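The values are calculated or read from the model by the stated rules, or taken from the named source; none is laboratory data. As the structure is a prediction and not an experimental result, all values here were calculated from the model. Methodologically, a virtual Cβ is constructed for each residue, glycine included, from the backbone with ideal geometry; neighbour enumeration extends over all protein chains shown. The area values use the complete protein model at the heavy-atom level, side chains included, leaving out ligands, DNA and RNA. Shrake-Rupley method; radii C 1.70, N 1.55, O 1.52, S 1.80 Å.
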Amino acid sequence: GKSIGLSYFKERGFREETIEHWHLGYTSKQKNSFTLQATQDSYNPDILKKLGLTTQYGSDFYRERVMFPIRNLSGKIIGFGGRILQKDAKAAKYINSPESDIYNKSKVLYGMHFARNAVRKEEEVLLVEGYTDVISLFQAGIENVVASSGTSLTADQVRLIKRYTNNVVLLFDGDNAGIKAALRGVDIILENGVNVKVVSLPENADPDSYVREVGAEAFTSFIKETKKDFILFKLNLLLEEAKSDPIKKAGLVQDIVQTISVIPDAIIRSVYIRECSTLLGVSEQVLTLELNKKRKTGQREKQKEAEREAQKRDYDNQVGLNAVLSEEVVEAGINIEHFERNVVRVLVEHGFRKYDEKIHAADYIVDRLGSYTFANEHFQKIYELVLKRKEYPGFY
């Protein structure tokens, strides 16, 4: 660990306090050293497998990798990212923990636990791609930085950002192909009413290498001086690519209008349409007509998706309700954990709904369960709370 993992982090310029602050580490090349140690320390092997720390064959999932713990907002470690160091290895450069009861990657941003206070203070967040980008900027004193860990942003991640700021600055490596690929995932940010600026770093530079090269002050100045509005940045990039080709230009008009159409604020949409009309040489009226078409299409698609979700939810709820009320399941104790989880879920989410014309779901469930005692103490407490609350006037 010290000769390989620690050496790697020090070569990246990470100081001792930084390594400790982020709990960086290294996994040995031995087949099952972690698993053996964990089981000796009384950790449940089944849970180690569920969390992706141990394979189904009882060996370590992470071997010969530098390790980056992933934390939730309260600072608890919920997953890991591991980077392989051999340059000629056939294995993936990075592997991450699988989805589990405690880790949902679509809802987590790397570094947000440490960044949130700085994000509030600076009133913007810097969004980068990798773990080392976050750590290097943080070490340099630029703390309002998080990473999407190499994946496109999700709606849940954007909502997480909105808890602290409405302003996002995307830092792109100085690589046009990479920028174009990244642009495709930005509409989800605009759709959630977040303002987006873009910074394109110098050629062959990434946030990690660039901050180490120029220092924190110069890096911060570069961000302030070069950040551009996302829509106009994207438009200029596409115009440069289309040049004088009319077909390509027509395609970029469609692309830009589609991006503007997802913005929820009508005034902001109108301002962008005016700006783009001037730059594209296309009348505002034409762009507005196209914008309205795309918004109507988008609204229809959302409505259909909502209807599909509602139908699926209703079906799942009815199936779940029938399952949790099955006397055979109660009496035989079959799949008890699944049974109890479903009971609580239906009570909490749908207890106030009518099971039929005469009775609410909560009453029906309680009548059928009678004096049933939950094996899971947390579920039992929730059930008891429902029993108490059900007696209050206006519960439904």
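Structure summary
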read-out: Inter-label distance for A375 and T18, nm, one decimal - labels placed 7 Å from Cα along Cα-to-Cβ; value: 4.9 nm
read-out: Simple Cβ-charge dipole of the chain, Lys/Arg +1 and Asp/Glu -1, about Cα centre, in debye nearest 20; value: 380 debye
read-out: Solvent exposure ordering (accessible area, 1.4 Å, most first) of R368, R308; value: R308, R368
read-out: Segment 181-208 residues near the modelled R300 label - backbone nitrogen below 11 Å, point 7 Å along Cα→Cβ; value: none
read-out: Calculated FRET value between A216 and K243, using beta carbons and R₀ = 45 Å, to 0.05; value: 0.70
read-out: Cα gyration tensor, segment 201-274 - rounded (a/c under 1.5), prolate or oblate; value: oblate
read-out: Accessible-area ranking of F374, F114, largest first, probe 1.4 Å; value: F114, F374
read-out: Percent accessible area from carbon and sulfur atoms, the chain, protein chains only, probe 1.4 Å; value: 50 percent
read-out: Label point distance in nm, T278-E203, each placed 7 Å from Cα along Cα→Cβ; value: 3.1 nm
read-out: Calculated FRET value between H338 and S7, using beta carbons and R₀ = 41 Å, to 0.05; value: 0.30
read-out: Only Lys, Arg (+1) and Asp, Glu (-1) charged, at Cβ; segment 207-273 dipole about Cα centre in debye; value: 200 debye
read-out: Å² per residue, accessible surface of the chain at 1.4 Å; value: 58 Å²
read-out: Anisotropy class of the chain from Cα gyration tensor, a/c 1.5 cut; value: oblate
read-out: Separation of the K31 and D156 label points, Cα + 7 Å toward Cβ, nm; value: 3.6 nm
read-out: Per-pair calculated FRET efficiency, R0 = 56 Å: N166 and N44 via Cβ, rounded to 0.05; value: 0.85
read-out: Whether segment 136-244 is rounded, prolate or oblate, judged on the alpha carbon gyration tensor where a/c under 1.5 counts as rounded; value: oblate
read-out: Centre separation in Å (Cα based) which lies between segment 123-138 and segment 2-21; value: 18 Å
read-out: Over 29 Å between alpha carbons, listed pairs K162/K234; K304/K358; K312/K358; value: K304/K358
